[in-house]
Amino acid sequence: MSANAFKRLMEASKKIGENSPSSKRTKNNVAKEGSSKDTTKKHYWKSGLIQAITDVENIVESSNTLVIIKDKYPKAKFHYLVIPKVVQLNSARELTRSHINLLKEMQEKAEVLVKNYHPKTKFKIGFHAKPSMDHLHLHVVSTDFVSTFLKTKKHWNSFNTEHFLDLPELISKLEEKGNLDCYYPTDKDIELYLKKALKCNQCSFEAKTMPSLKEHLNTHAQSSSKMYVEEK
Ligand code: AMP
Ligand code: ZN
């Protein structure tokens, strides 16, 4: 898609955004992620990232090709999204060899961001196999997963099972095969990944419930904050 076409898309999304849940900041809809049940509203909701990257206040960094924003509902202490400006794909499933340079640029920008702002923090960089939001977005998320927005098993498993597609691995598959056809999880696989047991990403602990996993993750975060001087 050309830069002009993208501009038109963003202008259109601004109009959509006038009615979207995120633009009408009433008491009931602020910070309620994915709360719209109605399908029309769901469509507006799904296009929210295009709206988000038009708002300068959200932008952490921007280049001709990419925008980096803070995730509005961070699932960890630090959570960013790297969003390409001129590629209109809705998920990593559609990526081909032709996107490798763009993906490498996204990876480099993500790594520089981490190195500059969070040099002592571990991050995961990758895509959700089945994203909830439209418009390709790369997650750059710290591995503490300490956040009030991390609420459900689906949230946890979307980042901590094969549902999370690590970027370097995805790039090597594209280099090898040219597309992700024989690598990509099926919808059935994805359903199973999202229902997996709640396994800690830092030790062998398996939690029975989300509150107990969150409590457990806090203990890891507390012991690592004793080891490092706190970052901004
Ligand atoms: P995914 O499940 O891969 O589609 O992830 C979408 C991400 O976008 C989630 O981590 C949400 O918290 C985040 N998100 C949703 N709406 C917005 C928004 N308006 N601005 C920034 N991030 C958002
Ligand atoms: Zn653990």
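The values are calculated or read from the model by the stated rules, or taken from the named source; none is laboratory data. Not measured: the values here are computed from a predicted model. Side chains included, ligands, DNA and RNA excluded: accessible areas come from the protein's heavy atoms. Shrake-Rupley method; radii C 1.70, N 1.55, O 1.52, S 1.80 Å.
Which order do you get for Ile68, Ile125, Ile59 if you rank them by accessible area with a 1.4 Å probe, largest at the top?
Largest to smallest exposure gives the sequence Ile59, Ile125, Ile68.
Longer than 27 Å from Cα to Cα, which of Lys72/Lys188; Lys72/Lys124; Lys154/Lys177; Lys124/Lys177; Lys70/Lys130; Lys109/Lys151 are they? Say none if no pair is.
Numbers: Lys72/Lys188 29 Å; Lys72/Lys124 17 Å; Lys154/Lys177 30 Å; Lys124/Lys177 24 Å; Lys70/Lys130 20 Å; Lys109/Lys151 29 Å.
Violating the 27 Å limit, Cα to Cα: Lys72/Lys188; Lys154/Lys177; Lys109/Lys151.
In the range 50-231, what percent of the accessible surface is made up of carbon and sulfur (1.4 Å probe, ligands and nucleic acids excluded)?
Roughly 51 percent of what the probe reaches on the range 50-231 is carbon or sulfur.
What is the spread of the Cα atoms of the range 50-231 along each of their three principal axes, largest first, in whole Å?
Computed over the Cα atoms, the extents are 43, 38, 29 Å.
Got a sec to turn the phi values of the range 220-226 into Karplus ³J(HN,Hα) couplings, 6.51 cos²θ - 1.76 cosθ + 1.60 with θ = phi - 60°, whole Hz, x for Gly and Pro?
So the Karplus estimates, Gly and Pro as x, are 4, 5, 5, 6, 6, 6, 6 Hz.
Tell me, in nm to one decimal, what length is gained between Ser62 and Glu169 on full extension, where the rule is 0.36 nm per residue of separation less the Cα-Cα distance? It would help to have the intermediate numbers written out before the result.
Details: separation 107, 0.36 × 107 = 38.52 nm, distance 2.51 nm.
Between Ser62 and Glu169, full extension yields 36.0 nm more.
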